[in-house]
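The values are calculated or read from the model by the stated rules, or taken from the named source; none is laboratory data. Computed from a predicted structure; not experimentally measured. For neighbour counting, all protein chains shown are included, and Cβ atoms are generated from backbone atoms with ideal geometry for every residue, glycine included. Ligands, DNA and RNA are stripped out before the accessible areas are found, and what is left, the full protein with its side chains, is counted by its heavy atoms. Shrake-Rupley method; radii C 1.70, N 1.55, O 1.52, S 1.80 Å.
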Amino acid sequence: QVQLVESGGGLVQAGGSLRLSCAAFGSIFSINAMGWYRQPPGKQRELVAIITSGDNTNYADSVKGRFTISFDNVKNMVRLQMNSLKSEDTAVYYCNADCTLRSGWRSNNYWGQGTQVTVSS
């Protein structure tokens, strides 16, 4: 069993900052990548940022230069520092992890329950 526990969502004014955190719990052998997706109201879920166990990162163009993703492989935790927030950043943010269980033979994808980020203008 793998559980992703998210924290840090909330309400912030435009131009402000928030930091999201997501910790993976379970009998995890290895994590290939962790990242964040978001789903604005009435829209499709989209990639925000992803980081691999080798610290390679990828960002959506809409957040590049404003958001920073980092990974702690000791705590199995991914963090997303969000600066210069805009109203269009308002969405439910979902943590995602691609990992292999200690009893497994292949990697699988896991999702957090989502945390609301609301940016007021």
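If you place +1 on the Cβ of every Lys and Arg, -1 on the Cβ of every Asp and Glu, and leave all else neutral, what size is the dipole of the chain about its Cα centre, to the nearest 20 Debye?
So the magnitude is around 60 debye.
Order 5, 63, 74 by their accessible area, 1.4 angstrom probe, all chains in place, largest first. The partial results should precede the final answer.
Numbers: 5 80, 63 0, 74 125 Å².
Largest accessible area first, the residues go 74, 5, 63.
If you rank 77, 34 by how much accessible surface each has, with a 1.4 Å probe, what is the order from largest down? Spell out each step's value before the answer.
On the way: 77 35, 34 0 Å².
The ranking, largest first, comes out as 77, 34.
Taking 7 Å along the Cα-to-C-beta vector as the label spot, tell me the residue 56-residue 109 distance in nanometres, rounded to one decimal.
Each label point is offset 7 Å from its Cα along the Cβ direction, giving 1.8 nm.
Could you put 79, 106, 38 in order of accessible surface area, largest first, with the 1.4 Å probe and the full protein assembly present?
Heavy-atom accessible area, descending, gives 106, 79, 38.
What does the accessible area of residue 57 come to, in Å² to the nearest 10, when a probe of 1.4 Å is used?
Accessible area of residue 57: about 70 Å².
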